[in-house]
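Report on the structure given below.
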Amino acid sequence: MFREYQVCSKCVMDTSDPSIEFDENGICSHCHWYEQRGIKQKSFADLISKVEDIKLNQKNSNYDVILGLSGGVDSSFLLYYCVVKLNLRPLVVHCDNGWNSEAAIHNIELLVKKLNLDLYTYIIDWEEFRELQRAFFYSDNIDLEMVTDHAMNAIQQIVCEKFKIKYSVSGQNYQSESILPRDWVHDKMDFSLIQKTAFNYGINDFKTYPYINKKLIDIEFISPLNHIDYNKEDAKKILNKFCDWKEYGGKHSESIFTKFYQNYILPTKYNIDKRRAHLSSMIKAKQITRNEALQILEKPIYDEVELINDKKYVLKKLRLDEKWFNEYIKKEYDS
């Protein structure tokens, strides 16, 4: 059904979210949701209190928490903050799905060595993971990142069980991630959707792909960045001063596939620019003005040469025929 284009008068969310609604002043439902939820920085004293509880409860363990490290700015700064500022003993966990950028690998190795930490890397068999990703392409599933995100959550569960760790610290933060339309993603915990998609593609068994097991222990998730005045640009400066941490481009671009998915597939096939959600979150957190966000959105989302190289790399790695892929991009999405 045709819908006239509209962008929020307070943030930069627009009708690329099919469920978005606007009031008489042109203010979108995401802004109203944000205000109604009273989203704001949480108490620092509560964070310190929780850290003390964690240390007490984990005193007989070699680790206080597990921390998933992708090499991106959020998880890198979280690791720095937990060790240097909160004096926590994290077991660093990394999911290797075959798509790490050179910058991500550099940042992971550098931080783990600099902070003298243990690193547990879970490597998913590439051929198995590639077939799962291909299954999601062929099923025309909008959330191509679901197989990665589910695996990362499952690995945390597996590692917590293995090392008897009850706590996981997350780089999730309201400052850049509070707004995300539900129509753009699926429930990352829904293994049944992954199973169904895989089965329809002819995959009946999982050898190394990790999945959520509801019978395993419960994990308490803590998001320290929600308790401090977290700012990505400041975080990058701190990391660069602390070590030779490398910048890698846009949000979640530490993964080559994620960069290609967010910066090419989503805007080209689905007319979704995820920068709108991230920038709108930053506007609500008063880290950026609406005009500044609009200026950022006017800039190209992908460098032309980089796009050509990344497209060639992704298609070859996934063994996707270019002619098929180009038709896939043009095909209208049936939600």
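The values are calculated or read from the model by the stated rules, or taken from the named source; none is laboratory data. None of the values given here were measured: they were computed from a predicted structure. With ideal geometry, Cβ positions are generated from the backbone for all residues, glycine too; neighbour counts draw on all protein chains shown. What goes into the accessible areas is simple: the full protein's heavy atoms, side chains included, and nothing from ligands, DNA or RNA. Shrake-Rupley method; radii C 1.70, N 1.55, O 1.52, S 1.80 Å.
If I filter region 152-161 for residues that are within 16 Å of the chain's Cα centre (by Cα), more than 25 Å from Asn271 (Cα to Cα), of a type in the set (A, V, I, L, M) and open to solvent by less than 20 Å² (accessible area, probe 1.4 Å), do I get at least one hit? Yes. Screening Val51 with (1) over 20 Å from Trp184 (Cβ atoms); (2) not in a helix (DSSP H, G or I) gives one miss only, at (2).
Counting just the residues of region 80-96 that are within 16 Å of the chain's Cα centre (by Cα) and buried (at least 21 other Cβ atoms within 10 Å of the Cβ), which one comes out farthest from Leu144 (Cα to Cα)? Within region 80-96, the match that is farthest from Leu144 (Cα to Cα) is Val93.
Where helices (runs of 4 or more DSSP H) fall entirely within region 267-332, those with at least 3 residues that are at pLDDT 95 or above and within 30 Å of Gln6 (Cβ to Cβ) are at 275-284, 290-298. Any chance region 250-264 includes a residue that's exposed (fewer than 15 other Cβ atoms within 10 Å of the Cβ) and at pLDDT below 95? Within region 250-264 (the criterion being exposed (fewer than 15 other Cβ atoms within 10 Å of the Cβ) and at pLDDT below 95), the answer is no, since none of the residues qualifies.
Of all residues assigned to region 39-53, none qualifies as being surrounded by fewer than 19 Cβ atoms within 10 Å (Cβ to Cβ), at positive phi and modelled with pLDDT under 95.
Pairs linking a residue in region 44-69 that is closer than 30 Å to Asn100 by Cβ to a residue that is assigned to a helix (DSSP H, G or I) and of a type in the set (Lys, Arg), with Cβ atoms under 8 Å and 6 or more positions apart or on different chains, are Asp64/Lys55.
Considering the conditions (1) without any contact (Cβ under 8 Å) to a residue 60 or more places away in the chain; (2) of a type in the set (Gly, Ala, Ser); (3) open to solvent by 60 Å² or more (accessible area, probe 1.4 Å), Ser19 is excluded by exactly one of them, (1). Checking each residue in region 212-224 for being crowded, with 16+ Cβ neighbours inside 10 Å and either modelled with pLDDT under 95 or out of contact with any strand residue (DSSP E or B) (no Cβ under 9 Å at 6 or more places or on another chain) (or both) picks out Ile212, Ile219. Give region 170-226 a look and list any residue that's hydrophobic (A, V, I, L, M, F, W, C) and free of Cβ contacts under 8 Å to residues at least 40 places away in the same chain, or say none. The answer is Met189, Phe199. Checking Ala293, Ala198 one by one, the residue that is farther than 29 Å from Ile105 by Cβ and either aromatic (Phe, Trp, Tyr) or more than 16 Å from the chain's Cα centre (by Cα) (or both) is Ala293 and no other. None of Glu109, Glu35 is open to solvent by 70 Å² or more (accessible area, probe 1.4 Å), free of Cβ contacts under 8 Å to residues at least 60 places away in the same chain, farther than 20 Å from Asn173 by Cβ and not in a loop (DSSP other than H, G, I, E, B) except Glu109.
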